[in-house]
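Note sheet for the following structure.
The values are calculated or read from the model by the stated rules, or taken from the named source; none is laboratory data. Here the structure is a predicted model, which is why all the values come from computation and not from measurement. We place every Cβ from the backbone using ideal geometry, glycine too, and count neighbours over all the protein chains shown.
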Amino acid sequence: GAVVSQHPSWVICKSGTSVKIECRSLDFQATTMFWYRQFPKQSLMLMATSNEGSKATYEQGVEKDKFLINHASLTLSTLTVTSAHPEDSSFYICSALGGISNQPQHFGDGTRLSIL
Amino acid sequence: GEDVEQSLFLSVREGDSSVINCTYTDSSSTYLYWYKQEPGAGLQLLTYIFSNMDMKQDQRLTVLLNKKDKHLSLRIADTQTGDSAIYFCAENEEGRRALTFGSGTRLQVQP
């Protein structure tokens, strides 16, 4: 069964709306969660790394004020797309890691975000 | 920065073997992964290999790693129509646990 749950799976909203996406590890404590973005027919690009209890580390070119990440507990990280615009439409995928080095990442099923 | 490359498309007939290739540039990669993505879905971990291994087999899947040439391959034996998907190879840079993904190979299995 799924070890990482991502919610919602699909959201459509109007331009200017803020959208929150949740990523939960179901049966392990995730010390680190990653947020990726995937454009159609393209690969995954890392947006930010989220460590429980500390500020997220954003990749170059990713606006931290636009994509707010909160990792308040060992099982939950949230990504909020603030004042979303059509160019923010994409597939957002989270992954989670436990405390053991170099274990494979477990991915959520992704959230398809469509901004009208 | 580090780079991972894959061919974009592979078409095989049902029952044949599929071989998906991947090359990477980071010599400090510790783990290399193969993920499968079906349309509209997230990523499913298929298998992974530690960098000091040459081969790993898991049922119909065989992973070969040539560390000298920085070449990774995934062989799927007896390919089925349900194997049609996009396959991503990915690697962990040493000291950095985020994954760097290849562009993905779309596998099309024809009946």
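Can you say whether A:Arg24 is surrounded by 16 or more Cβ atoms within 10 Å (Cβ to Cβ), basic (Lys, Arg) and under 23 Å from A:Leu116 (Cβ atoms), as far as the supplied structure shows? Outline the logic, then answer.
Working: surrounded by 16 or more Cβ atoms within 10 Å (Cβ to Cβ): yes; basic (Lys, Arg): yes; under 23 Å from A:Leu116 (Cβ atoms): no.
So A:Arg24 fails the test.
Listed here are the strands (runs of 3 or more DSSP E) enclosed by region B:1-77 that have at least 1 residues being among the hydroxyl-bearing types (Ser, Thr, Tyr): B:9-13, B:18-24, B:29-37, B:43-50, B:61-66, B:71-76.
Quick check on region B:89-111: of everything there that is within 20 Å of B:Asp16 (Cα to Cα) and not aliphatic (A, V, I, L, M), which residue is modelled with the lowest pLDDT?
Once the filter is applied, the top-ranked residue is B:Pro111.
When B:Phe9 is tested against (1) within 12 Å of chain A (Cβ to nearest Cβ); (2) surrounded by 18 or more Cβ atoms within 10 Å (Cβ to Cβ); (3) in contact (Cβ under 8 Å) with a residue 40 or more places away in the chain; (4) not acidic (Asp, Glu), exactly one condition is not met: (2).
Screening A:Lys41 against (1) within 14 Å of chain B (Cβ to nearest Cβ); (2) at pLDDT 95 or above leaves a single unmet condition, (2).
In region A:101-116, what count of residues is obtained for those that are among the small types (Gly, Ala, Ser), within 9 Å of chain B (Cβ to nearest Cβ) and in contact with a strand residue (DSSP E or B) (Cβ under 6 Å, 6 or more places away or on another chain)?
Residues that pass the stated criteria total 2.
Filtered by the rule that a residue be more than 13 Å from the chain's Cα centre (by Cα) and either crowded, with 17+ Cβ neighbours inside 10 Å or assigned to a strand (DSSP E or B) (or both), region A:63-74 gives A:Ala72, A:Ser73, A:Leu74. When we screen A:Gln60, A:Gln103, A:Gln42 for residues that are surrounded by 14 or more Cβ atoms within 10 Å (Cβ to Cβ), in a loop (DSSP other than H, G, I, E, B) and without any contact (Cβ under 8 Å) to a residue 40 or more places away in the chain, the only hit is A:Gln103.
Do we have any residue at all in region B:81-91 that's in a loop (DSSP other than H, G, I, E, B) and surrounded by fewer than 17 Cβ atoms within 10 Å (Cβ to Cβ)? So far as region B:81-91 goes, no, none of its residues is in a loop (DSSP other than H, G, I, E, B) and surrounded by fewer than 17 Cβ atoms within 10 Å (Cβ to Cβ). Test B:Ser103 against the stated conditions and say whether it is in contact (Cβ under 8 Å) with a residue 40 or more places away in the chain, outside any strand (DSSP E or B) and within 14 Å of another protein chain (Cβ to nearest Cβ). In short, yes.
Scanning for something touching a residue at least 40 places away in the same chain (Cβ under 8 Å) and either facing chain B (nearest Cβ under 10 Å) or in contact with a strand residue (DSSP E or B) (Cβ under 9 Å, 6 or more places away or on another chain) (or both), does region A:68-75 turn up at least one residue? Yes, region A:68-75 has at least one match. Of the listed requirements (1) among the aromatic types (Phe, Trp, Tyr); (2) surrounded by fewer than 21 Cβ atoms within 10 Å (Cβ to Cβ); (3) touching a Leu at 6+ places or on another chain (Cβ under 9 Å); (4) farther than 13 Å from B:Gly42 by Cα, A:Trp10 misses just one: (4). Scanning region A:78-100 for residues that are buried (at least 16 other Cβ atoms within 10 Å of the Cβ) and more than 14 Å from chain B (Cβ to nearest Cβ) yields A:Thr78, A:Leu79, A:Val81, A:Ala84, A:Asp88, A:Ser89. Any idea how many residues of region B:68-80 are crowded, with 16+ Cβ neighbours inside 10 Å and over 14 Å from B:Ser17 (Cα atoms)? The total comes to 2. Restricting attention to region B:1-34 and to residues that are small (Gly, Ala, Ser) and at pLDDT 95 or above, the residue that is nearest to B:Leu74 (Cα to Cα) turns out to be B:Ser18.
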